[in-house]
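These notes concern the structure reproduced below.
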Amino acid sequence: MRARILIWLTLFALAMAYVEAALVVHLRQLYYADNLLAIFPLRLLSHSDLVIELVREAATILMLVAVAFLTERDIGRRFAAFVYAFGIWDLAYYGCLKLLIDWPQTWLEWDVLFLLPWPWFGPWLTPAVIALLFASWGAWILLSTCQPRFTRLSATLFVAGAVLGLSAFLLPAAGLLLQGEIAFQGYQPEAFAWSLFVPGVLAMTAGLIYASRNKKKE
């Protein structure tokens, strides 16, 4: 039964990944027709396309939450289902882009990772590392008979790590927000905040491990 759930979650995440990758390919064909492999210097989406993208991203997260709630009953296992589907989706998304347009070209090539609440920037490998952590932990929990429990310590570690990681992604665009929308036109990424990202991943890992230890049998 547990293996069957994991298989269907995997198929769902893989299908989502291909749909998103196909959409991104179309957007690149529209905005980067001269070179699909180079999205920097950045080109701005039209206002109508931006609104569509923002709603689509919110819908994507809602879909992942919904399938997690449909899959499990316990809140800890629902969280495991969510992060597993999220992780597989993100990893497969980059895999699909590689197959469709041979991108990314390098391990540390920068990407526009997300748009809510404002653009996230970072090397594509960084969200892939988090996705690998989520997929591994989620699979481990879902294939087990245990229900993870987040204590104050494990929750604090995970949330603090998530905030650090998120800060690393949001920091590059934070200064541009004060200058207005036009500041994003032609934006070229520079240094990534590894000093925030690495401790963030380590803290999230520790939080997930501690949550797994504080568990009970189904």
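The values are calculated or read from the model by the stated rules, or taken from the named source; none is laboratory data. These figures come from a predicted structure and were not determined experimentally. Because the Cβ atoms are built from the backbone with ideal geometry, glycine has one as well, and the counts that use them run over all protein chains shown.
Would you say ALA139 is under 24 Å from ARG73 (Cβ atoms), of a type outside the set (Phe, Trp, Tyr) and in contact with a Phe, Trp or Tyr (Cβ under 7 Å, 6 or more places away or on another chain)? Spell out the reasoning first.
Working: under 24 Å from ARG73 (Cβ atoms): yes; of a type outside the set (Phe, Trp, Tyr): yes; in contact with a Phe, Trp or Tyr (Cβ under 7 Å, 6 or more places away or on another chain): yes.
So ALA139 fits the description; yes.
Looking at (1) touching a helix residue (DSSP H, G or I) at 6+ places or on another chain (Cβ under 7 Å); (2) closer than 28 Å to GLY95 by Cβ, which is the only condition TRP140 fails?
Condition not satisfied by TRP140: (1).
Any residue at all in the range 10-27 that's within 15 Å of the chain's Cα centre (by Cα) and among the hydroxyl-bearing types (Ser, Thr, Tyr)?
Yes, some residue in the range 10-27 is within 15 Å of the chain's Cα centre (by Cα) and among the hydroxyl-bearing types (Ser, Thr, Tyr).
What number of residues within the range 43-68 are touching a residue at least 12 places away in the same chain (Cβ under 8 Å) and under 17 Å from TYR32 (Cα atoms)?
Here is the first cut: in the range 43-68, the residues touching a residue at least 12 places away in the same chain (Cβ under 8 Å) are 43-45, 49-50, 53-54, 56-58, 60, 63-65, 67-68.
Subset that is under 17 Å from TYR32 (Cα atoms): 43-45, 49-50, 53.
Summing the residues that are touching a residue at least 12 places away in the same chain (Cβ under 8 Å) and under 17 Å from TYR32 (Cα atoms) in the range 43-68 gives 6.
From GLY76, GLY95, GLY87, grab the single residue that is at pLDDT below 95, surrounded by 15 or more Cβ atoms within 10 Å (Cβ to Cβ) and in a helix (DSSP H, G or I).
Details: GLY95 fails: at pLDDT below 95; GLY87 fails: at pLDDT below 95.
On inspection, the qualifying residue turns out to be GLY76.
Kindly evaluate TRP110 against the criterion of being in contact with a Phe, Trp or Tyr (Cβ under 9 Å, 6 or more places away or on another chain) and either farther than 30 Å from LEU143 by Cα or among the small types (Gly, Ala, Ser) (or both). Before you say what the answer is, go through the steps one by one.
Working: in contact with a Phe, Trp or Tyr (Cβ under 9 Å, 6 or more places away or on another chain): yes; either farther than 30 Å from LEU143 by Cα or among the small types (Gly, Ala, Ser) (or both): yes.
Against the criterion (in contact with a Phe, Trp or Tyr (Cβ under 9 Å, 6 or more places away or on another chain) and either farther than 30 Å from LEU143 by Cα or among the small types (Gly, Ala, Ser) (or both)), TRP110 qualifies.
Can you find even one residue in the range 18-33 that is touching a helix residue (DSSP H, G or I) at 6+ places or on another chain (Cβ under 9 Å), without any contact (Cβ under 8 Å) to a residue 40 or more places away in the chain, closer than 17 Å to PHE184 by Cβ and part of a loop (DSSP other than H, G, I, E, B)?
Scanning the range 18-33 turns up no residue that is touching a helix residue (DSSP H, G or I) at 6+ places or on another chain (Cβ under 9 Å), without any contact (Cβ under 8 Å) to a residue 40 or more places away in the chain, closer than 17 Å to PHE184 by Cβ and part of a loop (DSSP other than H, G, I, E, B).
Checking SER144 against (1) modelled with pLDDT of 95 or more; (2) under 24 Å from LEU14 (Cβ atoms), which test does it fail?
SER144 satisfies every listed condition except (1).
Does PHE40 qualify as being hydrophobic (A, V, I, L, M, F, W, C), in contact (Cβ under 8 Å) with a residue 60 or more places away in the chain, surrounded by 14 or more Cβ atoms within 10 Å (Cβ to Cβ) and not in a loop (DSSP other than H, G, I, E, B)? Quick ask: steps written out before the conclusion?
Details: hydrophobic (A, V, I, L, M, F, W, C): yes; in contact (Cβ under 8 Å) with a residue 60 or more places away in the chain: yes; surrounded by 14 or more Cβ atoms within 10 Å (Cβ to Cβ): yes; not in a loop (DSSP other than H, G, I, E, B): no.
Spelling it out, it is not the case that PHE40 is hydrophobic (A, V, I, L, M, F, W, C), in contact (Cβ under 8 Å) with a residue 60 or more places away in the chain, surrounded by 14 or more Cβ atoms within 10 Å (Cβ to Cβ) and not in a loop (DSSP other than H, G, I, E, B).
Taking the conditions exactly as written (crowded, with 16+ Cβ neighbours inside 10 Å, among the aromatic types (Phe, Trp, Tyr), touching a Phe, Trp or Tyr at 6+ places or on another chain (Cβ under 6 Å) and at pLDDT 95 or above), does PHE82 satisfy them or not? Let's see the steps before the verdict.
Numbers: crowded, with 16+ Cβ neighbours inside 10 Å: yes; among the aromatic types (Phe, Trp, Tyr): yes; touching a Phe, Trp or Tyr at 6+ places or on another chain (Cβ under 6 Å): no; at pLDDT 95 or above: yes.
In short, no.
Restricting attention to the range 142-152, report how many residues are within 11 Å of ARG213 (Cα to Cα) and either of a type in the set (D, E, K, R) or surrounded by 15 or more Cβ atoms within 10 Å (Cβ to Cβ) (or both). So that I can check it myself, show each step before the final result.
First, pick out the residues of the range 142-152 that are within 11 Å of ARG213 (Cα to Cα): 146-151.
So of that shortlist, the ones also either of a type in the set (D, E, K, R) or surrounded by 15 or more Cβ atoms within 10 Å (Cβ to Cβ) (or both) come out as 146-150.
Within the range 142-152, residues that are within 11 Å of ARG213 (Cα to Cα) and either of a type in the set (D, E, K, R) or surrounded by 15 or more Cβ atoms within 10 Å (Cβ to Cβ) (or both) number 5.
Under 15 Å from the mean Cα position of the chain (by Cα) and at pLDDT 95 or above: does that describe ARG56?
Working: under 15 Å from the mean Cα position of the chain (by Cα): yes; at pLDDT 95 or above: yes.
Taking the combined requirement at face value, the residue satisfies it.
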